[in-house]
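Working notes for the structure below.
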Amino acid sequence: MGPHPAVAAIRLAVRRVLHDILTEHGRITDEPPRATVPEPARATAHAGGHPRAHRTPHEQPPPPLVLVACSGGADSMALASALAFEAPKLGIRAGGVTVDHGLQPGSDLRADEVVLRLRELGLDPVESVAVTVGREGGPEAAARDARYAALDTVAEHHGAAAVLLGHTRDDQAETVLLGLARGSGIRSLSGMAAVSGAGGRYRRPFLQLDRQTARKACMAQSLPVWDDPHNADPAYTRSRLRHEGLPALEKALGKGVVEALARTAQLSRDDADALDAWAAQAESTVRDAAGLLECAKLYALPPAVRRRVLRRAAIEAGAPAGSLFARHIEELDRLITGWRGQGAINLPGKVVAQRQGGRLVIRQG
């Protein structure tokens, strides 16, 4: 008798991601396997019979290390269990990390419990990292920034090939709705990518699975889980959306809203990626010999492409990407499409943009 359907689903999702990681690291190729020398012979196969201190050209590099980011909640515990089950079968080292945000009493003790659970699953190395959450961007954004900074540090310290995150299809739907509410455009509607971060560090195997599948998998394996009270606290926007907004939408529109929003995210991501590529190619065609943006050539571009070129130029000039909103780009765009002799525009990061002699000059003020 096979595993519970929920357990089988999470293991399959993780197996696919691990296979991708192996392929990217050259450990799965289309070439036939090389003939190898048995381990004892390989260790002494050189003049004098002494063990080698380095790999031969035919030996593969050491197996990659994959970490799971685990809060102790159902999603990440299900992910950790699937990684612990699948990684050894593929010759992958598997470890874990939990981040203590310090936002609740006893959070350090809870982090210690998560570390113990991960080690009981057979993961190694396992770390707990305490962070200080700032205030910039609001509590949710500040906690997220602190968490990813900690995960980056741990991944770099251990040389991890990837960090698995337990975001589900429900999380994706919530992200799309939050982006829609901000009116930030198609990139915001594209939600979370299955692969993101520097060098594709972050992987999200569960974006096609719902939250209930992860919880059922934990129940089927008798895995203890922790329900973060912040996830039910109406003071947080995402919590209100989860417990009030999405249920109201499903009541009004019927079941299937979460699946439709997740599908919208993928379609939007494909469109956004194509437009970004178009803008990257177009940028070189709208600059003069001195590298300045020519307003007439910008005007001739489709609006979606032109605004992406303007955004890229602002970021290159020093405007922080996270602080550059749609209204800023719209003001920049009016210097091209609605020119009435208006003055300079101040952008985040002390960047100034102004139109001079048919050129758009964006620079530090």
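Data overview
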read-out: Restricting segment 337-360 to residues that are among the hydrophobic types (A, V, I, L, M, F, W, C) and under 36 Å from the mean Cα position of the chain (by Cα), the residue that is farthest from ILE315 (Cα to Cα); value: ALA344
read-out: Filter result for the condition that a residue is more than 21 Å from ARG15 (Cα to Cα) and either touching an Asp or Glu at 6+ places or on another chain (Cβ under 7 Å) or in a loop (DSSP other than H, G, I, E, B) (or both), over ALA160, ALA235, ALA214; value: ALA235
read-out: Matching strands (runs of 3 or more DSSP E) fully within segment 280-365 where at least 3 residues are without any contact (Cβ under 8 Å) to a residue 60 or more places away in the chain and within 30 Å of ALA142 (Cα to Cα); value: 345-347, 351-356
read-out: Hits in segment 137-157 - residues which are among the small types (Gly, Ala, Ser) and part of a helix (DSSP H, G or I); value: ALA141, ALA142, ALA143, ALA146, ALA149, ALA150, ALA155
read-out: Among (1) modelled with pLDDT of 75 or more; (2) in a loop (DSSP other than H, G, I, E, B); (3) of a type outside the set (S, T, N, Q) - the single one VAL115 does not satisfy; value: (2)
read-out: Segment 71-111 - residue that is acidic (Asp, Glu) and modelled with pLDDT of 95 or more and, of those, surrounded by the fewest Cβ atoms within 10 Å (Cβ to Cβ); value: GLU86
read-out: Long-range neighbours under 7 Å by Cβ, at least six apart or interchain, first residue basic (Lys, Arg) within segment 119-139, second not in a strand (DSSP E or B); value: ARG135/ALA142
read-out: Filter pass, ARG135 being in the same structural domain as CYS218 (by TED's automatic domain parsing), buried (at least 17 other Cβ atoms within 10 Å of the Cβ) and not hydrophobic (A, V, I, L, M, F, W, C); value: no
read-out: Single unsatisfied condition, ALA173 versus (1) free of Cβ contacts under 8 Å to residues at least 12 places away in the same chain; (2) outside any loop (DSSP other than H, G, I, E, B); value: (1)
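The values are calculated or read from the model by the stated rules, or taken from the named source; none is laboratory data. Given the structure is predicted, the values throughout are model-derived calculations rather than measurements. Positions of Cβ are backbone-derived with ideal geometry, glycine not excepted, and every protein chain shown enters the neighbour counts.
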